[in-house]
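Presented below is the structure to which this report refers.
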Amino acid sequence: MIFIYKATNKSGSEISGTVEANDRAGAIDALTKQQLKPVSLKAKGNEVDVGSFYKRFFGSKVKMNALVIFTRQLATMVGAGVPLLRAINSLKDHSNDAVLSAALNTVTLDVQSGMSLADAMEKHPNAFNEVYVNMVRAGEAAGILDEILGRLAQQQEKSATIKKKVKGAMTYPIILLIITIFAFFGLMLFVIPQIGKILTDLGGPDVELPILTQIMLGISDFLINFWYIVIIALAGSIFGFSKFAKTSKGRRTIHATLLKAPVLKNIIVKIAVARFSRTFASLMGAGVSVVESLHVTGKAIGNVMYEDAINNSIAEIKNGKQLSETLAGSPLFPDIVSQMLAVGEETGKTDTVLLKVADFYEEEVDVVLESLSSIIEPVMIVIMGGMVGLIAASVMGPIASIAQNIKT
C-alpha cells in the first residue's frame, strides 16, 4: 500500500510525501527510520496513476535513451552547482518517459525527506539498475557525484550503442526468416494443392508420383486439414519456451547452449567481455570495492555462465588471489583480459586498462556483426532458393513423366 504523509524532520520543518508499506504500522516504522516524526498519515486512494497505467500497458522499464539523457543532464546541472532536488525536479518535469517521471517523482520526495539519492533510486529497479545505484552511492560518499554521473552516462551510451548494433544486425535476417515462413505456408496451403489437382487431372487418379512430390502433397494436405493442430503446437511451443526461459534452470541451459553455438559463441563472448570490462572499470573508478564491483558486474553481464565464473572469482579473491589469476585460463575470458588485468593490478590503474579492453572488444563486436550481416544474407537467400527449388522439382518431375507417357 502507498501512504500519503505529513511529517517533521530533524530541523523541525514540515514535509510531505508518500511511503510504501504493507500496513499503517509499517509506514510509521519506515518514516521513523528516516528520522521523521509523522503528523498525519493516510492510505492513498484509487486515483489514476499515469505512471502505473503506462507501466501496465506499455512496459515497466525506462527507455535507455531517456535514462542516458537524464543522467547526462543531471551530471551537467550538479556540476554547475544546481541543488540536487531542484535539478531532479526540473528534469522530471521535462522527461518524455512516463515510467522515469513516475520514478523521479518518488525519488524527489524521498530525497526531500532526508534519504540519500542512491537509496531513493534503489527503490526503483525498473529505472535504475544495481550498477547505476552503486555508482551513485560511491559518488555521494566521495563527493564527486557529477563526475560519477558523467561516467555513468558514458557507460550507458556505450551499452546502448552495442544493443542497437546487435538489433540492427539481427533485423534483416529475422525479416527474411519471417518472409520465408509465410512463403512456405502460402505455397503449401494455396499453390501445392492446385498443382496436385492438375497432376491428378493429367495422369488420372492412379498416377504414380515421385516420392518428393508425395511428401510435398502430404505436408500440404496435413496443413489444410489439421491447421488448428499446427497453430496450437506453435503457440504451445512458444509459450512453453518463454516460461522455461524465465526459470533458473532454463536460463542456465539456454545461456550454456548459446556459448556452444559455432557462430553465436564468438559474438556473445566479445559482447560479454566488453560489458564486463566497462562495467567493472566504471565501478572501480567510482571507488566501489573489488568484491562489490564484481558482484554487481556479474549480474549486469546478463549471462548466467559469466555470473557463475565471476562468483567463483570472488570466492578466490577472498582467499587472497588477484582477479587476473582467477580469470586466467577461463574459457569465457580470452587471455588478453587476464593479461591486461595483471598490468592494471601492477600499475594501480585497473579501471583505465579495462576501459581500453572494453574499447577493443566493442570494436571487435562491430567487425563481427558487419561480417555476420554479410554472411547471413546469402545464407537466407540460399535457404529460400532451396525451398523454391524443392517445390519446383516436386512439380516438374511428375509433369515431365506424364508428358513422356503421353508421347509414348
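Using a cutoff of 8 angstrom between alpha carbon atoms and counting only pairs six or more residues apart, the relative contact order for the stretch 159-408 works out to 27 percent.
Per-residue extension of 0.36 nm, minus the Cα-Cα distance of Glu140 and Asp366, leaves a gain of 77.8 nm for this segment. Sorted fewest first by neighbouring Cβ atoms within 10 angstrom, Leu84, Leu31 come out as Leu84, Leu31. Computed over the chain with a Gaussian network model linking Cα atoms closer than 10 Å, the most mobile of Gly320, Gly287, Gly302 is Gly320.
With viscosity set to 0.890 mPa s and temperature to 25 °C, compute the Stokes-Einstein D of the stretch 167-242, Rh being the Kirkwood radius across alpha carbon pairs; µm²/s, no decimals.
After rounding, the answer is 167 µm²/s.
Calculated FRET efficiency, Asp335 to Thr161, Cβ-Cβ distance, R0 = 25 Å: about 0.45 to the nearest 0.05. Within the set Lys61/Lys158; Lys10/Lys63; Lys123/Lys265; Lys63/Lys321; Lys63/Lys165, which residue pairs have Cα atoms separated by over 28 Å? Beyond 28 Å between Cα atoms: Lys10/Lys63; Lys123/Lys265; Lys63/Lys321. Residues Met384, Met77, Met284, arranged from fewest to most other Cβ atoms within 10 angstrom of their Cβ, appear as Met384, Met77, Met284. The Kirkwood radius of the stretch 159-408, taken over pairs of alpha-carbon atoms, gives through the Stokes-Einstein law at 10 °C and 1.306 mPa s a diffusion coefficient of 71 µm² s⁻¹.
Our estimate of slack between Leu41 and Asp206, defined as 0.36 nm per intervening residue step minus the Cα-Cα distance, is 50.8 nm. Within the stretch 309-408, the proportion of C-alpha pairs whose separation exceeds 21 Å stands at 61%. Could you work out the local net charge near Phe70, counting Lys and Arg as +1, Asp and Glu as -1, over the other residues with Cβ closer than 10 Å to its Cβ? Cβ neighbours under 10 Å give a net charge of +1.
Between Thr32 and Leu189, full extension at 0.36 nm per residue minus the direct alpha carbon distance yields a gain of 49.6 nm. The charge dipole of the chain, taken about its Cα centre with unit charges on the Cβ of Lys, Arg, Asp and Glu (plus for the first two, minus for the last two), comes to roughly 820 debye. Each of Asp335, Asp308 was scored by other Cβ atoms within 10 Å of its Cβ. Arranged with the fewest first, they read Asp335, Asp308.
Computed about its Cα centre, the charge dipole of the stretch 313-408 is approximately 720 debye, with only Lys, Arg, Asp and Glu carrying charge at their Cβ.
Using a ≥ b ≥ c from the Cα gyration tensor of the stretch 1-47 (square roots of the eigenvalues), is it rounded, prolate or oblate, where a/c under 1.5 gives rounded and otherwise the larger of a/b and b/c decides, a/b for prolate? Taking the square roots of the gyration eigenvalues as a ≥ b ≥ c, the stretch 1-47 is oblate.
Across Leu67, Leu91, Leu189, mean-square fluctuation computed from a Gaussian network of the chain (C-alpha pairs under 10 Å connected) peaks at Leu189. Selection among Ala87, Gly348, Thr108 by position relative to the dipole of the chain gives Thr108 as farthest towards the positive end (Cβ unit charges, Cα centre).
Any read-out appearing in this document is the output of simple, stated calculations on the displayed coordinates, not a laboratory observation. Everything numeric in this text was worked out from a predicted model, so none of it was measured. Neighbour counts are summed over all protein chains in view; Cβ atoms, including those assigned to glycine, are modelled from backbone coordinates with ideal geometry.
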